[in-house]
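Participant: To start, I am sharing the structure in question, which I have written as structure tokens.
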Amino acid sequence: MKIEDISKKTDQLIRIEQSDLMPLPYPYDNPEKNPPMKMLTQEQRDRYEASLDGVLAIGIPKPQSAAEEKTFIDKFLSGLAKLFTKENNWTFLQPLMHSLEYCVKCQLCNDSCPAYIASGKKEIYRPTFRPEVLRRIINKYLKKSPLSPPPSQGGPGGLWLKFTGSDIDLNWITVARLAELAYRCTLCRKCAQVCPLGVDNGLITHEIRKLFSQELGIAPKELHEQGTIQQLKVGSSTGLSPKALSNIISFMEDDIEEKTGKRIKIPVDKKGAEILLMHNAGEFISWPENPEAFAIIFDAAGIDWTLSSELVGYDAVNYGVWYDDIQLARIAIAHAETAKKLKVKKISVGECGHSHKAMIVVADRVLTGDLNIPRESALPLLEDLVCNERIKIDPNKNNFPVTLHDPCNMVRLMGIVEPQRKILRKICPQFIEMEPHGVENYCCGGGSGFAIMQSMNFPDWRSVISGRVKLKQILETFHDTISPEIKKYVCAPCSNCKGQIRELFNYYNVWEECGIFYGGLVELIVNAMVDIEKPFIDWEWH
Amino acid sequence: MNIFLALLTYFAYIFIIVMYTIKIVKYLRLPVHLRWDLYPVIHEEKYRYGGSYFEGLNWWTGARQKSFWRALRYLMRDYLYLESYLKKNFSYWLVLYTSHISFVLLIIFQILIIVGALLSLNDIEVSRTSPNISGYFLYRFTQFTGPACFIAGIAGNSGLLITRFANSDLRLYTSSFMYFGYVFHIVLSLSGLIFWLYDGYSFLQYREFWKGLFILNPVSANTVLTCFIILINLHLIYLPFTRAIHYITRLFAFFLIRWDDEPNVRGSMLEKKLIKLFDQKVSWSAPHIQTGKKWNEQ
């Protein structure tokens with residue numbers, strides 16, 4: 001297919017066929033036995049624009065009139081123009097302009113994209129495809145070159161535009177497909193890492209998402225209405241209210257007692273504490289053993305810490321980082337205000353990758369004055385506690401194969417590489433690295449919000465395409481111990497990565513067929529603590 | 001024709017300098033952005049495995065070890081032999097490197113010709129029999145860089161032209177303008193090579209042309225040299241419309257974007273800049289945005 005085909009009215013631009021996909025290792029080496037991707041129903045196809053790849057992450061309703069189409073296109077163009085103004089997009093203007101203007105299209109980045117290679121190299125998933133579409137639209141419809149006035153203005157630009165490679169038609173279908181296409185990239189930025197010219201195709205995707213959200217109000221509902229909007233209103237993107245949190249904390253205290261025999265009072269809203277620990281609220285609901293493990297470790301080490309019950313303050317997530325700068329800033333400020341109110345010395349972010357990047361890195365230039373409260377990852381503190389033996393560890397309690405998944409946000413995008421490894425080397429005698437790992441890791445496939453997006457058949461796409469390389473990596477790492485009788489553990493110190501791995505393992509039945517379990521880092525630490533008698537990891541799939 | 005060639009040359013040099021200055025100033029005047037680091041960050045102490053200062057407990061309390069020179073060396077190494085391409089795709093690297101070498105040699109060749117003209121104006125002979133060591137070496141270097149850049153230009157750009165056309169992944173993303181660029185380089189290099197052969201391998205006439213430009217007394221040029229001068233000047237005018245400035249913007253991209261890990265400290269210049277940026281009105285119009293209000297009022 002050609003790039004300009006994105007504007008052509010066809011039933012579907014590409015089709016995802018099992019036979020085209022990147023092969024998986026044993027026991028998934030027979031493509032016919034692998035679960036097929038769910039197809040959209042005819043009703044869904046009739047209602048939403050699904051002609052990109054037959055998958056819907058956003059689900060843009062089809063227009064009812066020509067006027068509606070025109071409004072949509074006009075709004076898109078006005079948003080596109082705003083992306084290049086300092087007042088509207090100072091936040092990423094320089095990186096955006098660099099990436100749009102200086103890509104030499106050498107395609108060196110192609111093989112670093114997990115979605116592109118997993119799909120069997122489908123053109124629309126190529127990391128340079130999406131930016132090229134945007135670049136052409138900009139050249140044809142936004143730039144005021146005397147040689148290329150848009151045909152709508154009756155200029156003689158057609159040939160010149162073809163000559164300079166800016167041939168594309170802007171119609172409703174182009175815009176709607178581009179919106180969907182912005183949600184086929186996990187923003188893992190592995191492609192950017194290999195670019196010798198510093199071009200960042202992930203950033204261009206991020207900016208396309210912003211355009212749609214900030215101008216047209218279009219974003220996946222899990223990120224926007226049920227995500228940032230809900231978080232700012234109710235307190236958490238999970239819908240968890242302060243009262244429900246209080247109940248969960250009571251449950252956690254009981255659960256800790258049942259598992260360890262110790263009654264630990266989890267501190268909440270303790271003024272002047274050394275550390276405000278912020279978790280992804282998804283942990284409280286889906287994996288309470290993770291915040292429980294933090295509580296056990298901090299209690300054992302005598303750390304002065306607290307949780308917050310303040311709205312937004314008990315949920316470290318900031319989905320704005322994936323699609324909307326205004327929402328990003330609002331949530332970052334709400335997080336900092338929580339810490340300010342509690343007069344804590346610093347914020348420590350639990351096992352959540354994007355919260356790390358949003359709160360510590362990206363929001364660093366949002367928080368000024370007394371809102372600029374020191375913020376750090378919990379991993380260096382955990383490293384200090386484990387490696388300097390501030391808690392007693394018996395590594396033999398973790399004598400099973402363990403591998404580490406590197407969450408892109410805290411590793412490639414933040415440079416926190418070694419603390420988690422030092423801990424694992426100390427507490428897991430059978431720790432084995434994936435290849436590649438560290439800053440060269442592959443995304444879990446759930447990055448940039450994918451792990452929580454449940455629209456129509458998108459979860460299937462996530463398991464079949466974006467998570468495929470990670471599954472392959474995990475299976476290859478445990479190649480020698482792949483039998484389900486040998487229990488193995490993928491350590492993923494990130495809530496969204498865990499969510500994605502859980503879905504991926506469910507989809508391929510990995511627990512039953514290969515005996516591979518997943519979980520966080522702190523669970524492994526507590527599992528190896530000398531004074532915890534019963535195993536903390538229960539090896540029960542749920 | 002003498003006057004035309006002189007005027008075209010003056011214009012071409014002024015044009016490229018002005019255009020590149022505008023581009024660079026425009027780039028550097030863009031506002032400070034939110035952090036978008038990508039690791040490894042080479043100036044960081046733990047760059048070997050991609051580590052950052054965020055690995056330290058209470059990272060804001062410690063002194064940062066930052067090596068600007070290591071970062072610069074890293075980029076220079078990539079400039080010297082395009083390491084990233086060499087590691088990933090040897091055949092593409094081969095043609096790309098040859099074409100880049102030709103470009104760099106063309107710049108050096110032009111500088112040598114201009115310096116040679118200046119020496120001649122100061123009565124220093126530039127020839128293989130020059131009693132002056134500068135004149136002798138300048139002549140020899142010019143003799144080497146000229147044909148080397150022309151031959152590399154023909155080989156490298158022909159290679160790129162063929163590779164980008166033959167490889168379907170590359171062809172899809174190659175515009176006619178890019179093909180035109182390769183052909184232009186090939187034609188320019190061919191004209192230079194013909195002139196070198198025609199001129200008796202000395203480039204004497206080209207130096208004389210430049211001498212004339214310096215004393216505002218344009219000298220006549222034969223047809224072969226005229227073609228070469230016109231092409232090289234058109235090349236200078238053409239360059240600002242290409243991505244050739246990535247030699248420079250690449251440095252900015254690494255230092256100002258990818259490796260920009262400067263933390264925002266209370267009371268710092270950075271913070272002052274950010275406060276100003278937050279004082280701007282937003283015109284985004286989605287329902288959740290308060291259009292017309294400032295960033296700090298949202």
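The values are calculated or read from the model by the stated rules, or taken from the named source; none is laboratory data. As the structure is a computational prediction, the values presented were derived from the model and not from experiment. Positions of Cβ are backbone-derived with ideal geometry, glycine not excepted, and every protein chain shown enters the neighbour counts. Note: areas computed on protein heavy atoms with side chains; ligands, DNA, RNA excluded. Shrake-Rupley method; radii C 1.70, N 1.55, O 1.52, S 1.80 Å.
Participant: Working carefully through the options A:Pro35, A:Pro95, A:Pro25, find the one that is within 26 Å of the chain's Cα centre (by Cα), surrounded by 15 or more Cβ atoms within 10 Å (Cβ to Cβ) and closer than 30 Å to A:Glu512 by Cβ.
Facilitator: Going through A:Pro35, A:Pro95, A:Pro25 in turn, just one is within 26 Å of the chain's Cα centre (by Cα), surrounded by 15 or more Cβ atoms within 10 Å (Cβ to Cβ) and closer than 30 Å to A:Glu512 by Cβ: A:Pro25.
Participant: I'm trying to understand the selection: among the residues of the stretch B:1-43, which are under 16 Å from B:Gly212 (Cα atoms) and either touching a strand residue (DSSP E or B) at 6+ places or on another chain (Cβ under 6 Å) or open to solvent by less than 60 Å² (accessible area, probe 1.4 Å) (or both)?
Facilitator: B:Asn2, B:Leu5, B:Ala6, B:Leu8, B:Thr9, B:Tyr13
Participant: Any residue in the stretch B:278-289 that's more than 7 Å from chain A (Cβ to nearest Cβ): show its pairings with residues that are of a type in the set (D, E, K, R) and open to solvent by less than 10 Å² (accessible area, probe 1.4 Å) at Cβ separation under 6 Å, as long as the two are six or more apart or on different chains.
Facilitator: As it stands, the answer is none, since no pair meets every condition given.
Participant: Under 7 Å between Cβ atoms, at least 6 apart or on separate chains: pull out the pairs that start in the stretch A:491-507 with a residue that is among the charged types (D, E, K, R) and end on any residue that is at pLDDT 95 or above.
Facilitator: So the pair list comes out as A:Lys498/A:Trp287; A:Lys498/A:Ala492; A:Lys498/A:Tyr518; A:Lys498/A:Gly520; A:Arg502/A:Tyr518; A:Glu503/A:Pro459; A:Glu503/A:Arg462; A:Glu503/A:Ser463.
Participant: Scan the stretch B:44-57 residue by residue and report those that are open to solvent by 30 Å² or more (accessible area, probe 1.4 Å) and facing chain A (nearest Cβ under 7 Å).
Facilitator: Of the residues in the stretch B:44-57, the ones open to solvent by 30 Å² or more (accessible area, probe 1.4 Å) are B:45-49, B:57.
Hits for the stretch B:44-57 are B:Tyr49, B:Leu57.
Participant: Further, regarding this structure: Those residues that are in a loop (DSSP other than H, G, I, E, B) and without any contact (Cβ under 8 Å) to a residue 40 or more places away in the chain, I need them from the stretch A:198-249; list them, please.
Facilitator: Of everything in the stretch A:198-249, those that are in a loop (DSSP other than H, G, I, E, B) and without any contact (Cβ under 8 Å) to a residue 40 or more places away in the chain turn out to be A:Gly217, A:Gly239, A:Ser241.
Participant: Another question, if that's okay. In the stretch A:82-135, which helices (runs of 4 or more DSSP H) lie fully inside it and hold 2 or more residues that are facing chain B (nearest Cβ under 7 Å)? Step through it out loud before you land on a result.
Facilitator: Values: elements: A:86-89, A:93-101, A:114-118.
Counting at least 2 such residues, we get A:86-89, A:93-101.
Participant: Considering only residues that are free of Cβ contacts under 8 Å to residues at least 24 places away in the same chain, within 14 Å of chain A (Cβ to nearest Cβ) and part of a helix (DSSP H, G or I), which ones fall in the stretch B:1-43?
Facilitator: Applying the first criterion (free of Cβ contacts under 8 Å to residues at least 24 places away in the same chain) to the stretch B:1-43 yields B:4, B:7, B:14, B:17-18, B:21-22, B:25-26, B:29-30, B:34, B:39-40.
Still in the running and within 14 Å of chain A (Cβ to nearest Cβ): B:22, B:25-26, B:29-30, B:34, B:39-40.
Across the stretch B:1-43, the qualifying residues are B:Ile22, B:Val25, B:Lys26.
Participant: If you take the residues in the stretch B:111-126 that are under 30 Å from B:Thr98 (Cβ atoms) and open to solvent by 10 Å² or more (accessible area, probe 1.4 Å), which one is modelled with the lowest pLDDT?
Facilitator: Among them, the one singled out is B:Val126.
Participant: Among the residues in the stretch A:45-55, are any farther than 16 Å from A:Leu170 by Cβ, open to solvent by 90 Å² or more (accessible area, probe 1.4 Å) and not in a helix (DSSP H, G or I)?
Facilitator: No, every residue in the stretch A:45-55 fails to be farther than 16 Å from A:Leu170 by Cβ, open to solvent by 90 Å² or more (accessible area, probe 1.4 Å) and not in a helix (DSSP H, G or I).
Participant: Turning to a different aspect of this structure: Pick from the stretch A:170-197 the residues that are within 11 Å of another protein chain (Cβ to nearest Cβ) and assigned to a helix (DSSP H, G or I): which of them is least open to solvent (accessible area, probe 1.4 Å)?
Facilitator: Going through the qualifying residues, I end up with A:Ala192.
Participant: Any idea which of (1) more than 14 Å from every other protein chain (Cβ to nearest Cβ); (2) open to solvent by 10 Å² or more (accessible area, probe 1.4 Å) is the one A:Leu277 doesn't satisfy?
Facilitator: A:Leu277 satisfies every listed condition except (2).
Participant: Oh, and also: Looking only at strands (runs of 3 or more DSSP E) that fall completely inside the stretch A:335-452, which ones have 2 or more residues that are within 27 Å of A:Ala301 (Cα to Cα) and more than 9 Å from every other protein chain (Cβ to nearest Cβ)?
Facilitator: Those strands (runs of 3 or more DSSP E) span A:346-349, A:402-404.
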